[in-house]
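Notes follow once the structure below has been shown.
The values are calculated or read from the model by the stated rules, or taken from the named source; none is laboratory data. Predicted, not measured: the structure shown is a model, and the values here were computed from it. Please note: Cβ atoms are built from the backbone with ideal geometry, for glycine as well, and neighbour counts cover all protein chains shown. Each accessible area value is taken on the protein alone, full model and side chains, heavy atoms only, with ligands, DNA and RNA left out. Shrake-Rupley method; radii C 1.70, N 1.55, O 1.52, S 1.80 Å.
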2 protein chains.
Amino acid sequence: MFPEERRQAIVDLVQRHGRVEVAALSQRFDVTGATIRADLQLLADQGVLVRTHGGAIPVGAGLHELSLVKRRQQHGVQKARIARASSALIEDGEAVFIDSSSTALAVVEHVRQRRDLTVVTNSLVVAQELLGQPNVTVVMPGGTLHHDTVSLIDVGGLAVLQRYHIAKGFFGAHGLTPADGLTDVSESEARVKRALVEMCRQVIAVVDATKWGRTGVASFARVQDVHKVITDVDAPIEMVQSVRDLGVEVALV
Amino acid sequence: MFPEERRQAIVDLVQRHGRVEVAALSQRFDVTGATIRADLQLLADQGVLVRTHGGAIPVGAGLHELSLVKRRQQHGVQKARIARASSALIEDGEAVFIDSSSTALAVVEHVRQRRDLTVVTNSLVVAQELLGQPNVTVVMPGGTLHHDTVSLIDVGGLAVLQRYHIAKGFFGAHGLTPADGLTDVSESEARVKRALVEMCRQVIAVVDATKWGRTGVASFARVQDVHKVITDVDAPIEMVQSVRDLGVEVALV
DNA sequence: ATTTACTTTCATTTGCTTTCATTATACAGC
DNA sequence: GCTGTATAATGAAAGCAAATGAAAGTAAAT
């Protein structure tokens with residue numbers, strides 16, 4: 001059995017059974033726990049499952065609200081810094097896109113002082129945050145509501161955005177590597193982002209240090225498609241360098 | 001059982017049962033109180049529940065509660081009755097439209113028990129309420145966010161809905177008269193509703209008694225376009241009669 | 001000869017329990 | 001209504017066993 005097959009089998013098991021244990025898996029596939037742990041690590045990095053002590057559970061097992069709150073709290077300081085640096089790029093009167101990642105969400109808090117802004121977003125949370133900001137026009141694409149990310153995913157719904165000229169797009173990501181570019185955990189999510197990357201004159205990636213070197217299941221932008229990466233100082237320096245070598249500006253805040 | 005699973009189960013319990021006790025939880029999961037307390041601490045820190053002496057109680061999700069409170073302020077009893085009667089018309093597996101009026105919003109509360117429902121709505125509040133209902137697929141049109149009604153208004157964005165066959169549409173209104181039909185307070189709002197009336201096989205107007213005889217600035221449906229009016233017993237009887245004379249079913253609840 | 005897949009070893013971390021001093025709650029007596 | 005006391009809940013600290021990640025080693029494939 002190839003490692004790939006084993007990993008696929010693990011994914012199947014965790015989906016179908018709701019949980020897997022390291023010990024059980026190591027027995028079933030006749031490998032040691034260390035190997036299983038490596039597999040689980042890999043799959044967790046890809047966002048396919050969630051690692052626990054002693055095993056793993058499927059992604060999305062937790063309430064969406066829980067995960068949103070959780071994600072919002074994690075790395076709060078770095079996110080706030082990244083968000084502040086990002087919002088400094090926004091100019092009055094522009095149209096910008098803000099995606100449904102938690103890092104991009106943090107950008108919203110800083111757009112309050114801008115005037116006559118148009119914010120395009122597929123995130124209900126972003127839209128909600130901007131409600132009651134009379135200086136900001138919020139535009140949303142149509143689509144089906146995705147429970148985990150609280151966002152609309154449907155490429156067909158993007159047609160309504162055609163007439164807007166979006167100056168800058170702020171994209172979060174599950175992972176960022178020089179080779180795979182920006183990646184996300186689901187193909188459907190990635191499909192929308194891919195289309196939106198096309199529509200933004202400038203693509204700005206907002207990713208904290210933990211995202212570097214991680215690869216999700218679906219990529220939505222190559223590094224060359226990105227105009228600017230905003231990340232924090234903990235980002236691995238050699239990876240930052242190779243992204244810079246590809247001609248992309250990387251800001252460490 | 002993994003710690004994550006236990007915590008998830010605690011969240012489920014506190015949501016469903018309204019309260020949990022440390023002693024009961026520690027017995028149920030076969031761990032000591034100290035462990036349960038640590039779990040509750042963690043969940044309380046995340047804002048998922050509120051800690052009390054001896055246990056915990058649920059916390060309503062921010063806007064969720066807000067909208068609930070708001071909704072119950074005015075004509076609560078009538079609206080609830082109208083909503084209950086309306087939701088009785090919905091059948092499992094259907095696609096229905098629910099608009100952004102407060103009366104239509106009340107219908108949402110009753111769709112929880114339906115299976116495999118598709119709800120089309122341009123209201124962020126409706127979408128929000130249905131989040132976390134795995135049995136309901138939420139579809140939204142694209143558009144610009146209207147601050148007052150918290151809804152998306154943009155006829156262009158409706159294209160994404162073309163492929164859905166919407167069985168029933170529940171429309172609130174600012175006013176209803178035999179002559180002017182259903183009217184709303186803004187032309188832009190009415191324009192969307194007009195298009196949506198076209199798309200629904202059955203148009204159901206949900207209006208409390210105060211709406212009868214009132215006319216807003218823009219009408220979005222003639223009385224003949226409506227298949228059913230659901231209102232309360234306080235509706236002026238002679239006006240109800242003239243609507244019935246036009247061949248429209250009027251239910252007084 | 002080099003890469004890939006895996007195992008073994010081991011110091012560290014995690015999750016949990018137990019113990020204990022402190023604090024909150026309930027309620028009986030005034 | 002108040003107050004003191006009994007009872008229960010709490011958080012902190014210490015201890016323990018299982019799980020873990022990192023590193024070094026082994027074997028097979030290319």
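Numerical summary
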quantity: Qualifying GluC sites (Glu not before Pro) in region B:91-177, DSSP loop, other Cβ atoms within 10 Å at most 13; calculated: B:Glu91
quantity: Rg/Rg_globular for region B:97-174, with Rg_globular taken as 2.2 N^0.38 Å and Rg from C-alpha atoms; calculated: 1.03
quantity: Chain B - charge dipole about Cα centre, Lys and Arg +1 at Cβ, Asp and Glu -1, debye rounded to 20; calculated: 340 debye
quantity: Inter-copy label distances at A:Glu187 (7 Å, Cα→Cβ; nm, one decimal); calculated: 4.6
quantity: Per-residue [θ]222 nm for the protein assembly as shown (sum of -39500 (n - 2.57) over DSSP H runs n ≥ 4, rounded to 500); calculated: -11000 deg cm²/dmol
quantity: Relative contact order (%) - criterion: Cα under 8 Å, at least six apart; region: region B:125-253; calculated: 21 percent
quantity: Which of B:Leu130, B:Leu42, B:Val119, positive extreme of dipole for chain B (C-beta unit charges); calculated: B:Leu42
quantity: Debye-sum result for region A:3-58 in log10 I(q)/I(0), which assumes one identical scatterer on each alpha carbon, at q = 0.16, 0.20, 0.26 Å⁻¹; calculated: -0.36, -0.58, -1.05
quantity: Test item: A:229-237 mean partner chain Cβ contacts at 10 Å; calculated: 0
quantity: Within a Gaussian network of chain B (alpha carbon springs, distance under 10 Å), most fluctuating of B:Gln133, B:Gln241, B:Gln46; calculated: B:Gln46
quantity: Probe 1.4 Å - accessible area at A:His146, Å² to nearest ten; calculated: 50 Å²
quantity: Share, in percent, of DSSP beta bridges within the protein assembly as shown that are antiparallel, nearest 5; calculated: 45 percent
quantity: Those lysines that a straight Cα-Cα span of less than 19 Å connects to B:Lys228, excepting residues fewer than 8 apart in one chain; calculated: B:Lys79, B:Lys168, B:Lys193, B:Lys211
quantity: Rounded accessible area per residue of region B:64-252, 1.4 Å, Å²; calculated: 41 Å²
quantity: Antiparallel DSSP beta bridges within chain B, percent to nearest 5; calculated: 40 percent
quantity: Average partner coverage of A:122-135, which counts Cβ from other chains inside 10 Å; calculated: 3
quantity: Of A:Thr210, A:Thr177, A:Thr144, the one that fluctuates the most in a GNM where chain A has Cα springs shorter than 10 Å; calculated: A:Thr144
quantity: Amide H partners (placed H, <5 Å) of A:Val253, local residues excluded; calculated: A:Thr231, A:Asp232, A:Val233
quantity: Heavy atoms of B:Tyr164: accessible area, 1.4 Å probe, square angstrom to 10; calculated: 50 Å²
quantity: Three-way shape call for region B:64-252 based on the alpha-carbon gyration tensor, with the a/c threshold at 1.5; calculated: rounded
quantity: Residue among B:Arg163, B:Arg222, B:Arg28 with the largest mean-square fluctuation in a Gaussian network model of chain B, springs linking Cα atoms under 10 Å; calculated: B:Arg28
quantity: Shielding by partners - mean other protein chain Cβ count within 10 Å, residues of A:154-160; calculated: 6
quantity: Reciprocal of mean inverse Cα separation for the protein assembly as shown (Kirkwood radius, Å); calculated: 24.9 Å
quantity: Rounded FRET efficiency, nearest 0.05, which uses the C-beta distance separating B:Glu187 from A:Gln15 and R0 of 60 Å; calculated: 0.75
quantity: Cα shape, region B:166-253, gyration tensor, a/c 1.5 rule; calculated: oblate
quantity: Relative contact order %, chain A, counting alpha carbon pairs below 8 Å whose residues are six or more apart; calculated: 15 percent
quantity: Highest average packing first - B:36-44, B:13-21, Cβ atoms within 10 Å; calculated: B:36-44, B:13-21
